[in-house]
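In what follows, a structure is listed as structure tokens, so that the remarks can point back to it.
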Amino acid sequence: RRTDSRTRARLMIVAARATARVQCAAPRARRHRSRRHRVARASSGVNDDDASDAAMYEELEKINAANNSKSASDWIGAWSKAITDPPSEAEVEKMRAAAMAAEEERLAEARSYRYVFAHDLLSGSGDSFAGKYLKDALGMIDIELETPDLVCGNAEYTVSSALEKLTAALNGGEGRKERPVRLIGSSTGALVAALYAERNRDRVDKVFLLAPTWGLANILTNFEKSYGVKFSKAFVDDASTLPEYPTVTCPAYIVHGHDDDVSPLDNSARWMQMASQWMRQEGDSDENVAERRLLEVSGLGHGVETALPMSMGRFTEFFKIPRVDLYLREREP
């Protein structure tokens, strides 16, 4: 029975330690040193069961006390005190100054990146709703959105030629080339952005993709049926040479239409699944990737650009910038 009791105590300590890892404020290095010391001490007391039991129960009591140091009643007491004894004007001003300083620091971090929009190749850079909306929204916090023209009126444009133009735009600009890039792309422009991120992993921080056209060569007929377009032979031949699913290793966020009949949602779901497979390789491959997220929207088909105002909360959270869409709403008549 003593053995069973000691086993239960050890299990309780293990469970308590697991909770303490989250709640205890002691530095990790200190916890590791003390844990090694406790294990050595318990191991040295094989011939003294009573002393070992006492040490284990004492340790359990200490861990439980640390875990329970901040109970619900403690929080309620602090909240009640704040209500009955509100902070002074000086304290409020101090808190406000601290909050403003933190916000300025966050803005400074956000402004250290280049934000570049890759438009759908079927339209010009100035015709994209997403490009116009994001340029206006980011401008509210003094962030410039670069919108290079990836077609430039060339009737024989291809995805590869658009990628070359995007690369040239990102290599230009005095003092800009050194800054990390955050890419936003729409439809075929999203594919261009993904291809750039695949080939320039050290330059791209994050990508935000609207209805990306994975497996482009296989869905060209969908574009022709939905939009009545006819792609040039150069475009079709080039599409057949592109990777179906570019390997983007930086964090990525996709907004895709549930009812997209041009670029199927299943393709983005597969791209997400491929990332999970790479992450499970745990460093055994060069193809390890960062987090990917997928937001499904319905009722918009392939035109998810128009869902951008409703998904700006996700956009701003992903890029860790203020809710610029709220500023736009305040400005509306």
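The values are calculated or read from the model by the stated rules, or taken from the named source; none is laboratory data. Bear in mind the structure is a predicted one, so any value in this text is a computation, not a measurement. Cβ: placed from backbone, ideal geometry, glycine included. Neighbour counts: every protein chain shown. Just the protein is used for accessible areas: all its heavy atoms, side chains included, with ligands, DNA and RNA removed. Shrake-Rupley method; radii C 1.70, N 1.55, O 1.52, S 1.80 Å.
Couple of notes before you dig in:
- Rolled with a 1.4 Å probe across the full set of protein chains, the surface gives Lys233 an accessible area near 150 Å².
- Accessible surface, per residue, of region 166-212 when the full set of protein chains is kept, probe 1.4 Å, Å²: 34
- Sequence of Arg199, Arg114, Arg106 when ordered by accessible area, the most exposed leading, probe 1.4 angstrom: Arg199, Arg106, Arg114
- Straight-distance candidates among the lysines for linking to Lys233, with alpha-carbon spacing under 18 Å and chain neighbours fewer than 8 residues away dropped: Lys225.
- Extension gain for Asp237 to Ala55 (0.36 nm times residue separation, less C-alpha to C-alpha distance): 58.1 nm.
- Label-to-label distance, nm, for residues given as Glu244 and Lys230 (7 Å Cα→Cβ offset): 2.9
- When nucleic acids and ligands are ignored and a 1.4 Å probe is applied, Glu291 ends up with an accessible area of around 100 Å².
- Amide H partners (placed H, <5 Å) of Arg293, local residues excluded: Ala252, Tyr253, Ile254
- The lysines within cross-link reach of Lys206, meaning a Cα-to-Cα straight distance under 18 Å and a gap of 8 or more places when in the same chain, are Lys135, Lys177, Lys320.
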